[in-house]
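**Student:** Before I ask anything, here is the structure I am working with.
The values are calculated or read from the model by the stated rules, or taken from the named source; none is laboratory data. Note that this is a predicted model, so its numbers are computed, not measured. Every residue, glycine as well, gets a Cβ built from its backbone with ideal geometry; the counts of neighbours run over all protein chains shown.
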Amino acid sequence: AKVNLPDPASITEELINKYPAKVAKKRRKSIVANDPDTIPEVQANVRTVPGIITQRGCSYAGCKGVVLGPTRDIVNIVHGPIGCSFYAWLTRRNQTRPETPEHENYITYCFSTDMQEEHVVFGGEKKLKVAIQEAYDLFHPKAIAIFSTCPVGLIGDDVHAVSREMKEKLGDCNVFGFSCEGYRGVSQSAGHHIANNGVFKHMVGNNNEIKPGKFKINLLGEYNIGGDAFEIERLLEKSGITLIASFSGNSTVGAMENAHTADLNIVQCHRSINYMGDMMETKYGIPWMKVNFVGVESTAKSLRKIAEYFGDAELKAKVEEVIAEEMPAVKEIIEEIRPRTEGKTAMLFVGGSRAHHYQDLFNELGMTTLSAGYEFAHRDDYEGREVLPNIKIDADSKNIEELKVTADPELYNPRKSPEEIEELKAKGLEMNGYTGMMKQMVHKSLVIDDVSHYESEKLIEIYKPDIFCAGIKKKYVVQKMGVPLKQLHSYDYGGPYTGFKGAVNFYKDIDRMVNNPVWKMIKAPWEKAESESLEASY
Ligand code: CFN
Ligand code: HCA
């Protein structure tokens, strides 16, 4: 890299020296100097130090917000105090197609039981039944899902029993619950796992209709933030690949129930939904592979991977044709922009997957990532190798093992034999292996898990990056320090950023941000000399 990186060891000391000894000891394990050749261990997926100001969310956020939130035609009812539902009301930027006669669209609604003190004391199950009945009478949805907030688990309301009873009573509506109380696990990551288990158990496999199509896939872990899934769908369709179901951007009940008829699962977000890939592989014999449609090189590689898996000459040719057709428009823009972004620096502290994936786009802009980290990903997402799961903190991690034992041989239909898969791997096809951000990051860059607010302010003071990527909780604090912040959760209302068209959108947005002179002009009036501040007030 052209950028000269300062000594990460002394920076680490600077980041933690203000902490009490116990906190410093714990945080030190989550802050490591990267070496892409000998990747060090990173402490991850452990409890946040209380009071440290994390960006993390809760289990309910991961289940209701992340995995089930983007669905179109499920009535998602939050069982709990109204704030939990209100906070999740359209704050994640999932896009959906408008309602059609076949597919309702409830995404704009905010359904909640509005739990009061009375229900906390005497129980809320009755209130929940009434809410389910009311939703059914009003909308006649295909499915109703119930999400438990913290008090539900504390008072012992049984959302599963209520769901079973109401499903039986209503007859033509699938009702199921999630024990995704916010306090479960250490972050939203536990909620992802709970959501995967519930969707798999209650929906996948319910509809055996065989759809036409030569190359049938499911897209897992694409939640259609800012229309990302629409761009991926455009490319798949253009290549002649049939999308059976999407988990869960713009998804429908019918499609998810039919997902087990696909021939391959491709996984975009490597953190939130690999459990689904494992479960579908175990029960139905559908292999899965990781893809990445963020960045043009990665997009092209992902399309080629799918074609390689199917091994069909016509498909391979078609994919090459699509790439050749899409590339010139990208090349034209990047050639114009890159001289202005080359050599600039970035930091990314986002979620469980994007802090890695978006580095591809920055590389294409000639920008170096100085420091990066996830909010809640696991060690394998950093280190790119198998790390035994920490059973204590993983909500339902026994599930996959149990499934292997109980898998119904009648349902299990391997799309490719183990020998065929081995052959593909021998030819260089990466399937569901371990990726990980660190082998792609430069030597001496700093990798930080669950970065605290204090640490990020320090990082900015020390490194003065040209752009900082995070979420809404950091946005304005960072910008007040004179550094532009790109939200990589909501995209600041921009996007899509996936695929070829998305890359172009991203290049343009980043160019505008890192080359905007306004960031150098930010200084509070009291920080300026008097004469300077008089001048600057015009
Ligand atoms: S859309 Fe995904 S890509 S699902 Fe996950 S790990 Fe969150 S909501 Mo915010 S933007 Fe983020 Fe990832 Fe997967 Fe989103 S990086 S934090 S839980 N995430
Ligand atoms: C969540 C959702 C979130 C929050 C984004 C942010 C999202 O964690 O519950 O902090 O700006 O993408 O909407 O990650």
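**Student:** Those residues that are aromatic (F, W, Y) and under 21 Å from the mean Cα position of the chain (by Cα), I need them from the range 269-315; list them, please.
**Tutor:** Y275, W288, F293 - these are the residues of the range 269-315 that are aromatic (F, W, Y) and under 21 Å from the mean Cα position of the chain (by Cα).
**Student:** Is it true that some residue in the range 27-50 is within 16 Å of ligand 1 (Cβ to nearest atom), under 23 Å from the mean Cα position of the chain (by Cα) and of a type in the set (K, R)?
**Tutor:** no
**Student:** Working only within the range 434-453, note down all residues that are assigned to a loop (DSSP other than H, G, I, E, B), at pLDDT 95 or above and closer than 17 Å to G295 by Cβ.
**Tutor:** Of the range 434-453, the ones assigned to a loop (DSSP other than H, G, I, E, B) are 434-437, 441-445, 449-452.
Within this subset, residues satisfying the condition of being at pLDDT 95 or above are 436-437, 441-445, 449-452.
Result: G436, M437, M441, V442.
**Student:** Within the bounds of the range 453-464, is there any residue that is on the phi > 0 side of the Ramachandran plot and more than 16 Å from ligand 2 (Cβ to nearest atom)?
**Tutor:** yes
**Student:** What is the residue count in the range 461-482 for residues that are more than 16 Å from ligand 1 (Cβ to nearest atom) and within 25 Å of the chain's Cα centre (by Cα)?
**Tutor:** Number satisfying all stated conditions: 7.
**Student:** Just to verify a result, which residue in the range 337-352, among those that are in a strand (DSSP E or B) and within 21 Å of N4 (Cβ to Cβ), is nearest to ligand 1 (Cβ to nearest atom)?
**Tutor:** Among them, the one singled out is L348.
**Student:** Next question, about the same structure. If I filter the range 358-365 for residues that are surrounded by 22 or more Cβ atoms within 10 Å (Cβ to Cβ), part of a helix (DSSP H, G or I), away from ligand 1 (no atom under 16 Å from the Cβ) and polar (S, T, N, Q), do I get at least one hit?
**Tutor:** Among the residues of the range 358-365, not one is surrounded by 22 or more Cβ atoms within 10 Å (Cβ to Cβ), part of a helix (DSSP H, G or I), away from ligand 1 (no atom under 16 Å from the Cβ) and polar (S, T, N, Q), which makes the answer no.
**Student:** Can I ask one more? Can you tell me how many residues in the range 53-63 are out of contact with any Ser or Thr (no Cβ under 8 Å at 6 or more places or on another chain) and within 9 Å of ligand 2 (Cβ to nearest atom)?
**Tutor:** Qualifying residue count for the region: 2.
**Student:** Now for a separate question. Does the range 157-170 include one or more residues that are more than 17 Å from G62 (Cα to Cα), buried (at least 24 other Cβ atoms within 10 Å of the Cβ), in contact with a Cys (Cβ under 9 Å, 6 or more places away or on another chain) and at pLDDT 95 or above?
**Tutor:** no
**Student:** Output yes when any residue across the range 94-112 is more than 16 Å from ligand 2 (Cβ to nearest atom), at negative phi, of a type outside the set (K, R) and touching a Cys at 6+ places or on another chain (Cβ under 9 Å), and no when none is.
**Tutor:** Yes, the range 94-112 contains at least one residue that is more than 16 Å from ligand 2 (Cβ to nearest atom), at negative phi, of a type outside the set (K, R) and touching a Cys at 6+ places or on another chain (Cβ under 9 Å).
**Student:** Sticking with this one: Restricted to the range 487-496, and to residues that are away from ligand 1 (no atom under 12 Å from the Cβ) and modelled with pLDDT of 95 or more, which residue is nearest to S371 (Cα to Cα)?
**Tutor:** Among those residues, the one meeting the criterion is D492.
**Student:** How do the pairs read when you match residues in the range 215-243 that are at negative phi with residues anywhere that are modelled with pLDDT of 95 or more and among the aromatic types (F, W, Y), using Cβ under 6 Å and keeping only pairs 6 or more apart or on different chains?
**Tutor:** Correct list of pairs: F215/F310; L220/F247; I232/F293; I241/F215.
**Student:** Cβ-Cβ under 6 Å, sequence separation 6+ or interchain: first residue in the range 474-485 and at positive phi, partner part of a helix (DSSP H, G or I) and more than 16 Å from ligand 1 (Cβ to nearest atom). Which pairs?
**Tutor:** From the range 474-485, the pairs are G482/W519.
**Student:** Which residue pairs have Cβ atoms closer than 9 Å, lie 6 or more positions apart in sequence or on different chains, and pair a first residue in the range 352-380 that is under 18 Å from P339 (Cα atoms) and within 16 Å of ligand 2 (Cβ to nearest atom) with a second residue that is among the aliphatic types (A, V, I, L, M) and part of a helix (DSSP H, G or I)?
**Tutor:** Sorted first by the residue in the range 352-380, then by its partner, the list stays empty.
**Student:** Any residue that is farther than 22 Å from M279 by Cα, at pLDDT 95 or above and within 21 Å of the chain's Cα centre (by Cα) - is there at least one of those in the range 218-225?
**Tutor:** yes
**Student:** I'm trying to understand the selection: among the residues of the range 237-252, which are buried (at least 23 other Cβ atoms within 10 Å of the Cβ) and away from ligand 1 (no atom under 14 Å from the Cβ)?
**Tutor:** Across the range 237-252, the qualifying residues are I241, A245, T252.
**Student:** Within the range 275-287, can you find the residues that are touching a Lys or Arg at 6+ places or on another chain (Cβ under 8 Å) and either surrounded by 23 or more Cβ atoms within 10 Å (Cβ to Cβ) or free of Cβ contacts under 8 Å to residues at least 12 places away in the same chain (or both)? So that I can check it myself, show each step before the final result.
**Tutor:** Our first condition is that a residue be touching a Lys or Arg at 6+ places or on another chain (Cβ under 8 Å); within the range 275-287, this holds for 282, 285-287.
I286 - this is the single residue of the range 275-287 that is touching a Lys or Arg at 6+ places or on another chain (Cβ under 8 Å) and either surrounded by 23 or more Cβ atoms within 10 Å (Cβ to Cβ) or free of Cβ contacts under 8 Å to residues at least 12 places away in the same chain (or both).
**Student:** Another question, then. Name the single residue that is surrounded by the most Cβ atoms within 10 Å (Cβ to Cβ) among those in the range 12-33 being small (G, A, S) and more than 22 Å from R184 (Cα to Cα).
**Tutor:** Here the answer is A33.
**Student:** Here are some residues: K214, K201. Which one is surrounded by fewer than 16 Cβ atoms within 10 Å (Cβ to Cβ), modelled with pLDDT under 95 and of a type outside the set (S, T, N, Q)?
**Tutor:** The conditions single out K201.
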